[in-house]
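Please read the structure below before turning to the comments.
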Amino acid sequence: MNPEFWQKRWQEKRIGFNQSEVNPLLIKYWTELNLLAGSRIFVPLCGKSIDMVWLTAQGHDVVGVELVESAVQEFFAEQNIEPSVHQHVRNPAIKCYQGQLLSQKVEIWVADIFALTFTDIGNIDAVYDKAALIALPAEMRSDYSEQMRQLSVDVNKKAAVQLLLTLNYDQSKKDGPPFSISHEQVQQYYGSYYQVTELASEPTSIGSAPELKVTEQVWLLS
Ligand SMILES: C[S@@+](CC[C@H](N)C(=O)[O-])C[C@H]1O[C@@H](n2cnc3c(N)ncnc32)[C@H](O)[C@@H]1O
C-alpha cells in the first residue's frame with residue numbers, strides 16, 4: 001500500500017472505513033485502559049475518524065497521524081473547527097493541524113507514520129489503533145508494530161498501553177485492506193513487548209464483502 005493508493009482513495013471518496021458513528025467497541029472497552037482525564041492519546045493512521053472527537057469528550061488530548069492532508073482538512077471542517085496550521089517545531093517535514101474541542105487539544109499531523117521519531121511525538125499515555133494495523137499488508141506489519149512501540153515508549157522505555165481492533169476472516173475470499181489478522185499474528189507483532197489480552201471477539205461485516213463471515217477482536221496491549 002503506497003501513499004498514492006491512499007491519496008487516490010481519499011480523492012475518489014472510497015473511504016468505506018470511515019464511520020459516521022463513534023465505534024461502539026471503543027465506547028465499551030476504553031475504560032479497560034484505566035487512563036486519567038488529561039491523558040494524551042496517539043491515534044495512528046487516523047483518517048478523519050469521529051472516534052477522536054469521542055476521545056476528547058473523555059477529557060483526553062489527541063494526536064493523530066495521517067498521510068493524506070485532505071482527510072485532515074475534512075476532519076476539522078466537519079467538526080467546525082478552524083485549525084491553526086504550522087510546521088512541527090522539531091521536524092519541519094511534519095505539517096501540524098491543531099484545534100480545540102471541548103477544551104481538549106486535537107492535533108493531527110500530516111505525515112508518514114514510518115517517518116516519525118519518538119522525539120517528534122513526545123510523551124503519550126495510550127494508543128488507539130482502529131483500522132491502522134489492518135490497513136497494512138503483511139509485509140509492512142512487523143515494521144509498523146515495531147515503529148508503534150518505538151514511538152510510544154516513555155523515558156523508562158515502557159511502551160504506552162494500546163487498544164487495538166482487528167478483523168479476522170478468510171483472506172482467500174477477499175483482498176485487503178482491511179486485512180485479516182489472526183490471533184497468532186497479533187502475538188507475533190506485539191507479544192514480545194506487551195502483555196496481549198483479548199477483550200472481545202464479536203461478529204461483524206465488511207461493507208465491500210457483506211456475505212463474508214468476519215469477527216472483530218478487541219485487544220488490550222499493556
Ligand atoms: C483504513 S484507513 C483508517 C482510518 C481511520 N483509522 C478510521 O478508522 O477511520 C487507513 C488510513 O491510514 C492512512 N495511512 C496509510 N498509510 C499511512 C502511513 N504510512 N502513515 C500515515 N497514514 C497512513 C490512510 O490515508 C487512511 O486514511
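Quick notes on this one:
- Scanning region 35-88 for residues that are out of contact with any strand residue (DSSP E or B) (no Cβ under 9 Å at 6 or more places or on another chain) and among the charged types (D, E, K, R) yields Glu74, Glu78.
- Among the residues making up region 78-121, those that are of a type in the set (A, V, I, L, M, F, W, C) and free of Cβ contacts under 8 Å to residues at least 24 places away in the same chain are Val85, Val89, Ala93, Cys96, Ala115.
- Check on Asp175, over 21 Å from Ala111 (Cβ atoms) and of a type in the set (Asp, Glu): yes
- The requirement of being within 12 Å of the ligand (Cβ to nearest atom), in contact (Cβ under 8 Å) with a residue 24 or more places away in the chain and surrounded by 14 or more Cβ atoms within 10 Å (Cβ to Cβ) is not satisfied by Tyr194.
- Selection status of Thr56, part of a helix (DSSP H, G or I), buried (at least 18 other Cβ atoms within 10 Å of the Cβ) and hydroxyl-bearing (Ser, Thr, Tyr): yes
- Flag for Thr117 being more than 13 Å from the ligand (Cβ to nearest atom) and hydroxyl-bearing (Ser, Thr, Tyr): yes
- Number of the exception - Ser152 against (1) within 16 Å of the ligand (Cβ to nearest atom); (2) modelled with pLDDT of 95 or more; (3) under 23 Å from Cys96 (Cα atoms): (2)
- Test for Leu164: is it farther than 24 Å from Ser39 by Cα and within 15 Å of the ligand (Cβ to nearest atom): no
- Qualifying residue in region 122-136 (condition: part of a strand (DSSP E or B) and either over 15 Å from the mean Cα position of the chain (by Cα) or without any contact (Cβ under 8 Å) to a residue 40 or more places away in the chain (or both)): no
- Residue that is within 21 Å of Leu33 (Cβ to Cβ), away from the ligand (no atom under 13 Å from the Cβ), at pLDDT 95 or above and of a type in the set (D, E, K, R), where the choices are Glu107, Glu146: Glu107
- Looking across region 13-65 at every residue that is away from the ligand (no atom under 12 Å from the Cβ) and among the hydroxyl-bearing types (Ser, Thr, Tyr), the one that is farthest from Ala209 (Cα to Cα) is identified as Ser39.
- Candidate set: region 12-33, residues that are without any contact (Cβ under 8 Å) to a residue 12 or more places away in the chain and in a loop (DSSP other than H, G, I, E, B); chosen: the one farthest from Thr56 (Cα to Cα): Glu12
- Residues in region 81-100 include at least one that is modelled with pLDDT of 95 or more and farther than 25 Å from Thr117 by Cα.
- Being within 16 Å of the ligand (Cβ to nearest atom), in a strand (DSSP E or B) and charged (D, E, K, R) is not true of Glu74.
The values are calculated or read from the model by the stated rules, or taken from the named source; none is laboratory data. The structure displayed is predicted, hence computed values, not measured ones. Here Cβ is always computed from backbone atoms with ideal geometry, including for glycine, and neighbour counts include all displayed protein chains.
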